[in-house]
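Here's the structure we're looking at; comments come further down.
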Number of protein chains: 2
Amino acid sequence: MMNQTLKVAAIQQSCSTDKNANLDATEAHIKSCAQQGAQLVVLQELHATQYFCQSEETRFFDLAEPIPGPTTQRMCKIAQSLGIVIVTSIFEKRAPGLYHNTAVVCEKDGTIAGIYRKMHIPDDPGFYEKFYFTPGDAAFNAETQPYPGVAEATRNGFRPIKTSVGKLGILVCWDQWYPEGARLMALAGADLLIYPTAIGWEPNEDVAEKQRQQEAWVTIQRAHAIANGIPVIAPNRVGFEADPTGHSDGIDFWGHSFICGPQGEFLAKASSNQPENLIVELDMARSESVRRIWPYLRDRRVDAYGELTKRYID
Amino acid sequence: MMNQTLKVAAIQQSCSTDKNANLDATEAHIKSCAQQGAQLVVLQELHATQYFCQSEETRFFDLAEPIPGPTTQRMCKIAQSLGIVIVTSIFEKRAPGLYHNTAVVCEKDGTIAGIYRKMHIPDDPGFYEKFYFTPGDAAFNAETQPYPGVAEATRNGFRPIKTSVGKLGILVCWDQWYPEGARLMALAGADLLIYPTAIGWEPNEDVAEKQRQQEAWVTIQRAHAIANGIPVIAPNRVGFEADPTGHSDGIDFWGHSFICGPQGEFLAKASSNQPENLIVELDMARSESVRRIWPYLRDRRVDAYGELTKRYID
């Protein structure tokens with residue numbers, strides 16, 4: 001099913017308050033990546049708008065869209081016209097009062113191949129996501145499951161989405177701090193791990209702490225590649241966005257998007273302060289060869305992992 | 001129970017074929033670390049001997065010792081005389097034909113605080129550990145469990161060992177590639193993660209592959225610190241050891257021992273080719289403050305992790 005090589009792209013963007021202008025810019029970036037041969041283009045988390053979770057305001061629910069909706073339709077149309085697969089990320093309105101942070105995969109024929117609703121939801125000063133997003137309960141796979149009538153038994157969020165370019169293990173931002181999510185995606189056959197992200201610094205944080213945070217963000221995602229023997233694609237937002245309430249100093253999104261291989265080796269890295277498209281040709285046969293020399297899946301102690309489903313062992 | 005600061009040491013050694021000479025050198029290093037204030041000293045994996053798993057030979061079972069046995073008695077005596085805690089690593093003979101790769105914690109009063117039997121056992125060319133070591137089925141905690149009569153219900157290997165300097169989440173070498181082990185130790189209250197290691201390169205491997213391997217080894221262990229918000233101490237063997245059978249070119253153990261804090265930040269790093277003692281004063285209150293800004297334990301999706309006990313989801 002999969003080609004031995006796969007050209008992938010990650011788009012690192014800054015966002016204005018003008019949604020259409022943002023989507024126009026995204027479309028231009030996607031076209032540029034496709035012209036350079038990208039078969040899979042991954043967009044950053046909530047790329048159509050500024051990161052509205054800096055404050056808790058009911059008016060921001062107006063930014064949400066159903067699936068399908070204007071943004072997924074636009075992205076699927078682009079995917080179809082370019083003959084590529086696009087991973088988009090939207091603020092999903094599932095029902096009145098029920099919203100998700102959702103990645104949507106647009107197949108090259110213009111259909112939706114699947115969705116992933118962010119499973120781990122953060123809540124920190126400046127990142128008030130628990131106000132906006134219900135944790136995901138389901139992914140659907142267009143091949144095996146209808147949407148929205150997904151069978152309850154299969155409503156496990158950690159399921160890769162089958163596409164014409166491979167099984168995509170899509171997780172979103174805060175999920176990236178959880179080895180459990182990455183592992184479950186790998187166990188379910190993911191060929192790639194993908195982390196659309198919106199993470200940044202408090203502008204007044206001290207430099208050493210900024211460095212620790214950004215390095216930790218990179219390190220833990222490289223570790224997911226290593227632990228599971230598959231590449232990771234992590235596009236992050238870049239640029240400063242003010243707090244609309246003026247209560248905080250806003251967020252300086254730290255960019256530094258990257259793509260790494262199955263040993264965690266960097267294949268491409270973006271800057272911390274500029275929009276940028278990363279394009280890499282992945283050798284998809286490398287996961288098999290790396291897993292042969294590092295056969296971690298062989299030796300997992302599944303007999304001794306039962307307590308991973310506990311909140312705490314006390 | 002715990003001091004706010006804890007001075008810890010990791011000893012990176014090379015080993016000769018003379019076990020007593022190795023232990024003499026180790027003792028001198030431990031004393032040096034204690035003189036510099038170390039309260040906890042961690043030794044590398046199987047530090048008393050050369051790494052005998054380069055080949056499969058029944059004669060090497062003669063190297064194994066019971067617990068207590070000569071090496072643990074010697075280490076416990078040193079621990080008592082210096083008033084420190086020592087993590088030693090031995091080839092354990094549990095019964096005729098039943099051997100383990102076991103970390104033993106010597107308390108400052110000279111008693112054994114607990115043992116950890118390596119749970120994940122590798123088997124790769126040059127690292128034929130499945131021939132020698134039965135995977136661990138138990139850890140025991142001196143406070144709550146007798147040894148050897150550990151109740152079957154509590155024979156879960158991923159249990160930190162309670163000591164006068166904190167709860168030590170000890171794992172061994174190949175375990176370091178498994179986020180599951182680190183997480184279970186953290187969930188069971190580990191204050192630190194400790195990875196006695198013996199890892200190296202095939203001497204003729206190309207330079208880029210060597211670099212990827214060593215960097216992956218560092219990266220995944222830093223990620224365990226990050227994911228769990230606790231420091232990691234990882235002492236590794238250094239120096240070249242020949243394959244006694246002459247069938248391979250031996251192993252160039254890559255050293256590069258390190259200690260990192262709860263954000264994965266390096267606190268000390270050793271070279272790749274020299275014996276070295278790393279000594280660091282850990283601020284044990286930092287785990288609490290890091291977990292407040294990165295509250296990963298709060299948001300784990302324990303409702304969706306059940307399949308982590310599956311070999312594969314197919």
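Among the residues of segment B:188-205, is any in contact with a His (Cβ under 9 Å, 6 or more places away or on another chain), among the aromatic types (Phe, Trp, Tyr) and under 17 Å from B:Ile170 (Cβ atoms)? There is at least one residue in segment B:188-205 that is in contact with a His (Cβ under 9 Å, 6 or more places away or on another chain), among the aromatic types (Phe, Trp, Tyr) and under 17 Å from B:Ile170 (Cβ atoms). Scan segment B:1-24 for residues that are within 21 Å of B:Phe240 (Cβ to Cβ), of a type in the set (A, V, I, L, M) and touching a residue at least 40 places away in the same chain (Cβ under 8 Å) and the total you get is 3.
Within segment A:230-280, the residues that satisfy the criterion of being among the small types (Gly, Ala, Ser) and farther than 28 Å from A:Ala188 by Cα are A:Gly239, A:Ala242, A:Gly246, A:Ser248, A:Gly250, A:Gly255, A:Ala270, A:Ser271, A:Ser272.
Mind checking which residues of segment B:196-237 are among the small types (Gly, Ala, Ser), within 10 Å of chain A (Cβ to nearest Cβ) and either assigned to a strand (DSSP E or B) or farther than 16 Å from A:Ala223 by Cβ (or both)? Passing the criteria: only B:Ala208. Apart from one condition, A:Tyr312 fits all of (1) more than 17 Å from A:Gly189 (Cα to Cα); (2) surrounded by 15 or more Cβ atoms within 10 Å (Cβ to Cβ); (3) not β-branched (Val, Ile, Thr); the exception is (2). Of everything in segment B:242-265 that is within 13 Å of another protein chain (Cβ to nearest Cβ) and under 18 Å from the mean Cα position of the chain (by Cα), the residue that is surrounded by the fewest Cβ atoms within 10 Å (Cβ to Cβ) is B:Gly261. Considering segment B:189-218, and only residues there that are of a type in the set (Val, Ile, Thr) and within 21 Å of B:Glu281 (Cα to Cα), the residue that is surrounded by the most Cβ atoms within 10 Å (Cβ to Cβ) turns out to be B:Ile194. Taking the numbered list (1) surrounded by fewer than 18 Cβ atoms within 10 Å (Cβ to Cβ); (2) out of contact with any Gly (no Cβ under 8 Å at 6 or more places or on another chain) in turn, B:Ser89 passes all entries but (1).
Just a yes or no: is a residue in segment B:44-60 of a type in the set (A, V, I, L, M, F, W, C) and without any contact (Cβ under 8 Å) to a residue 60 or more places away in the chain? Scanning segment B:44-60 turns up at least one residue that is of a type in the set (A, V, I, L, M, F, W, C) and without any contact (Cβ under 8 Å) to a residue 60 or more places away in the chain. Residues that are within 14 Å of chain A (Cβ to nearest Cβ) and among the small types (Gly, Ala, Ser) occur at least once in segment B:111-132. Among the numbered conditions (1) closer than 21 Å to A:Tyr178 by Cβ; (2) out of contact with any His (no Cβ under 8 Å at 6 or more places or on another chain); (3) at pLDDT 95 or above, the only one that B:Gly306 does not meet is (3). Counting residues in segment B:164-182 that are modelled with pLDDT under 95, assigned to a strand (DSSP E or B) and within 16 Å of the chain's Cα centre (by Cα) gives zero.
It is to be established whether one or more residues within segment A:42-51 are in contact with a Leu (Cβ under 7 Å, 6 or more places away or on another chain), on the phi < 0 side of the Ramachandran plot and surrounded by fewer than 21 Cβ atoms within 10 Å (Cβ to Cβ). Scanning segment A:42-51, I find at least one residue that is in contact with a Leu (Cβ under 7 Å, 6 or more places away or on another chain), on the phi < 0 side of the Ramachandran plot and surrounded by fewer than 21 Cβ atoms within 10 Å (Cβ to Cβ), so the answer is yes.
Restricting segment A:286-304 to residues that are crowded, with 17+ Cβ neighbours inside 10 Å and within 20 Å of A:Ile230 (Cβ to Cβ), which is farthest from the other protein chains (Cβ to nearest Cβ)? The selected residue is A:Ser287. Annotation note: of A:Arg59, A:Arg74, the sole residue that is at negative phi, surrounded by fewer than 21 Cβ atoms within 10 Å (Cβ to Cβ) and touching a Leu at 6+ places or on another chain (Cβ under 8 Å) is A:Arg74.
Here A:Val87 fulfils each of the conditions (1) over 17 Å from the mean Cα position of the chain (by Cα); (2) in a strand (DSSP E or B) apart from (1).
Filtered by the rule that a residue be in contact with a strand residue (DSSP E or B) (Cβ under 6 Å, 6 or more places away or on another chain), part of a loop (DSSP other than H, G, I, E, B) and more than 20 Å from B:Tyr132 (Cβ to Cβ), segment B:16-62 gives B:Gln36, B:Gly37, B:Ala38, B:Gln39. B:Asp124 meets the conditions (1) modelled with pLDDT of 95 or more; (2) surrounded by fewer than 17 Cβ atoms within 10 Å (Cβ to Cβ) in every case but one. The failed one is (1).
Against the condition in contact with a Pro (Cβ under 6 Å, 6 or more places away or on another chain) and either closer than 30 Å to B:Gly126 by Cα or at pLDDT below 95 (or both), how does B:Val42 come out, does it pass? So B:Val42 passes the test.
The values are calculated or read from the model by the stated rules, or taken from the named source; none is laboratory data. Predicted, not measured: the structure shown is a model, and the values here were computed from it. Reconstructed Cβ throughout: ideal geometry from the backbone, glycine too, with neighbour counts over all protein chains shown.
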